[in-house]
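Take a look at the structure below.
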Amino acid sequence: VGTWQKHGKDRPTVAFCVDKQHARDLADQFNLAGIPAAVIVDDTDDDVRAQLLGDPDAGRPGDFADGRVRVLCSVGVLAIGFDSPIASCAILARPTLSLSLYVQQGGRVLRPAPGKANAFIFDHAGNALRHGLLENFLPPVRLSDIDKRTDKKRKKDKPQAWVCRHCETVNALSDDLCMGCG
């Protein structure tokens, strides 16, 4: 919450959590700080989903698109297939050994949209260290080139990025200077 308040304040945000209780706890922390947040998980009622996400086919924006909810805390539901181009901040609060899932989560906020200049990704789970920076990801020529062997990292694999000890920016291994503070 503190990182979001400092760097991502007021951005429509999707938070990827470890489990349902984590999603509820994180939403509670945002709400306690005065930041409207909601939980959307697999068993979220359809009416609640419609209220949060709206109905794009009917031209009805939901609470997220209208700004009444600033942060959506989720487990799995919003990682793949969720399309809200206004989302410009992701909180990666769950580690994953899957490169595909990491790319999908980051991709939720990297979609271009009118008036959207950039997106922030707060990686509180070390996924960028494990998989590298999303902006350096090169998709395979053929999707069939991705298999379980190439998609999954092992916990003992070498880091793919480094964190600046001064400003906490995650940098590519090839960067000699921190991209955040120089």
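For the reader, a short list of remarks on this structure follows.
- Disulfide-incompatible cysteines by the Cβ rule (no partner under 4.7 Å) in the chain: CYS17, CYS73, CYS89
- Residues in segment 32-48 that a label on ARG60 would reach, taking backbone N under 17 Å of a point 7 Å out along Cα→Cβ: 45-48
- R0 of 25 Å, Cβ-Cβ distance ASP175-HIS7: FRET efficiency to nearest 0.05: 0.80
- Accessible area per residue for the chain is 59 Å², calculated with a 1.4 Å probe on protein heavy atoms, without ligands, DNA or RNA.
- Estimated from helices alone, the mean residue ellipticity of the chain at 222 nm is -6500 deg cm²/dmol (sum of -39500 (n - 2.57) over DSSP H runs with n ≥ 4, per residue).
- Share of carbon and sulfur in the accessible heavy-atom surface of the chain [1.4 Å probe, %]: 52 percent
- A straight line joining the Cα centroids of segment 1-77 and segment 124-143 runs 24 Å.
- Among the trypsin sites (Lys or Arg not before Pro) found in segment 63-135, those both in a DSSP coil and sparsely packed, with 14 or fewer other Cβ atoms within 10 Å of their Cβ, are ARG68.
The values are calculated or read from the model by the stated rules, or taken from the named source; none is laboratory data. Small disclaimer: the values here were computed from a predicted structure and weren't measured. All Cβ positions, even for glycine, are placed from backbone atoms using ideal geometry, and neighbour counts span all protein chains on display. The accessibility values were calculated without ligands, DNA or RNA, using every heavy atom of the protein model including side chains. Shrake-Rupley method; radii C 1.70, N 1.55, O 1.52, S 1.80 Å.
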